[in-house]
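Below: one structure, written as structure tokens.
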Amino acid sequence: MNDWTIDDIIVLHSSERYITFIALENCIEYFLMVGCIGNNTKPKITRGQELKIFRAYLNAIESLNNIIEYVYFDKFCKNISFFDFQTRMLKEYNILQNVHDIANAYKHCIRGTWQNKIFYKNTKSKSAKDITVDHKIIMEAYQFWHQYINDTTTISI
């Protein structure tokens, strides 16, 4: 039996490591499953693969949504409350708001289907919003955080 822990394999001691090794990798896994990257041909998706692809989609969305918290505790927690930081980030960067909306739809709302589209119904406002799987949202958020990691996007809050 090995005497190692997950900390020996990968230490998530910074937001950059979480973004690089968890969030962006979850996106890449999803992109490969649906043919968004790689050989640029859309794979034929069987009925049995749909749930695996949907799980990869949710993993990518949830990972992307969690980045704000990692960045906050890594770089901003001494200057601003998390609520204020998150509110400003979502207001400033529309793609982060889109990711946040989808993640929270699955986390807090009643789910259902209508005309083969997945939707949520906000239990407080009684409104419904179509949240069908959208590759563009994940791709745009992936690009945003990829640029952040490579110092081409600066967060100014």
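The values are calculated or read from the model by the stated rules, or taken from the named source; none is laboratory data. A quick note: this is a predicted structure, and the numbers were derived from the prediction, not measured. Positions of Cβ are generated from backbone atoms using ideal geometry, with glycine treated the same way; all protein chains shown enter the neighbour counts. In case anyone asks, the SASA skips ligands and DNA or RNA and just uses the protein heavy atoms, side chains included. Shrake-Rupley method; radii C 1.70, N 1.55, O 1.52, S 1.80 Å.
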Practice task
Report yes if some residue within region 92-108 is farther than 22 Å from Thr20 by Cβ, open to solvent by 60 Å² or more (accessible area, probe 1.4 Å), in a strand (DSSP E or B) and at pLDDT below 70; otherwise report no.
Solution key: no
Exercise for the section: Return a yes/no flag: does region 127-137 have any residue that is modelled with pLDDT of 80 or more, touching a Cys at 6+ places or on another chain (Cβ under 9 Å) and within 23 Å of Glu29 (Cβ to Cβ). Expected result: yes
Fill in the blank from the handout: Sole miss for Val34 among (1) at pLDDT below 90; (2) open to solvent by 20 Å² or more (accessible area, probe 1.4 Å) is condition (2)
